[in-house]
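*Asks:* Let me begin by handing over the structure; questions about it come next.
Quick note: the coordinates plus some simple rules give every number you see, no bench work behind them. Owing to the predicted nature of the structure, the values given are computational and were not obtained by experimental measurement. Glycine also receives a Cβ, built like all others from the backbone with ideal geometry; neighbour counts cover every protein chain displayed.
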Amino acid sequence: MKLGLNIRNYGPTATPDNLRAWTRFAEDSGFTLGVVSDHVAPTPEVNELYPSPFYDPLTALSWFAGITERLELGTSVLIAPYRHPLLTARLAASIDRLSDGRLILGVGAGWSEQEFAALGLPFRRRGRMTDEYLAAISAAWSQDRVSLDGEFVHYDDVHTGPGLVGSRRPPIWVGGTSPGALRRAARFGDAWHPNNAELDWIRDVGLPSLREAAESFGRPVPALSPRMRAHVSERPIPDDERRPGSGSPDQIVADVETLVELGADYVVLDTNPDHPRDERPLSDDWRDLEAIATRVFKRLL
């Protein structure tokens, strides 16, 4: 199992110095993966939860690639319909190549109807767009030239590249917990990447549905690579009152252990508050992440 963390690439603490410090902390503390979030046109409903400035994730990851040596770099998640799939495929392949194969492309269909409207995109068809775009991205990573006459994009004889690192292409993690997202993960994903899902639901509903969908597509079952909050409290929280990833460090580590028992090969820890008004100093986030990681490494690795 590998441990990842969410790097806050938005809000008042998202300065170049702090972003650099996030990556330094991640590598020094033994984390394998650092992920960033995505929004392109933060409308009021987006900005309320993800205040400005909001650094573009692919731009940020390309910079991270140059200032890190070991850290794997990912999106959690890139909103697939916001960018032409050929652009996404080329940018992701470029980052993967320049980082010597350290990119993980996490994707999702998006949730903000306001933002889709600002970009002139059909919110009600975002799931079908995401499916078509993922098929296009996968083709661009496996062929030298591609053509597509799809519902949303059309092109002929487009040269792809840059070439991938060896025979490896960036892993695709598909986010979401809806039935459509689970089918999408089974069809296109190397991993399923649920965010803050209840552990019992993952065990009893999510994973069985994922296995069933993978069987229907004749594909291997994607790996489980969840993202989970890491909200540390001074005292343990009664189990019937807490959410996964909240409570004492030992309670959060127990949640990580449960995810590992369910088959997780990565667990991404997220210290983002539920609302920006509750944001704490980054030093507090790093202290809590280090306390959790130390316990995880002692007990699980």
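*Asks:* State all residues of region 219-253 that are within 26 Å of Val77 (Cβ to Cβ), over 21 Å from the mean Cα position of the chain (by Cα) and of a type in the set (A, V, I, L, M, F, W, C); if no residue qualifies, say none.
*Replies:* Of everything in region 219-253, just one residue is within 26 Å of Val77 (Cβ to Cβ), over 21 Å from the mean Cα position of the chain (by Cα) and of a type in the set (A, V, I, L, M, F, W, C), namely Val232.
*Asks:* State all residues of region 229-246 that are part of a strand (DSSP E or B) and hydroxyl-bearing (Ser, Thr, Tyr); if no residue qualifies, say none.
*Replies:* Matches in region 229-246: Ser246 only.
*Asks:* A follow-up question, please. Return the pairs, sorted by first residue and then second, in which the second residue is in a helix (DSSP H, G or I) and of a type in the set (Asp, Glu), the first residue lies in region 248-266 and is in contact (Cβ under 8 Å) with a residue 40 or more places away in the chain, the beta carbons are less than 9 Å apart, and the residues are 6+ apart or on different chains.
*Replies:* Listed pairs, sorted by first residue: Pro249/Asp288; Ile252/Asp288.
*Asks:* Which residue out of Ala230, Ala186, Ala213 is among the aliphatic types (A, V, I, L, M), touching a Leu at 6+ places or on another chain (Cβ under 7 Å) and farther than 19 Å from Asp131 by Cα?
*Replies:* Exactly one residue qualifies, and that residue is Ala230.
*Asks:* Further question: Take region 283-301 and flag every residue that is part of a helix (DSSP H, G or I) and surrounded by fewer than 16 Cβ atoms within 10 Å (Cβ to Cβ).
*Replies:* Passing the criteria: Ser283, Asp284, Arg287, Thr294, Phe297, Lys298, Arg299, Leu300.
*Asks:* Another one. Output yes when any residue across region 57-65 is under 13 Å from the mean Cα position of the chain (by Cα) and either under 19 Å from Asp274 (Cβ atoms) or among the acidic types (Asp, Glu) (or both), and no when none is.
*Replies:* No, region 57-65 has no match at all.
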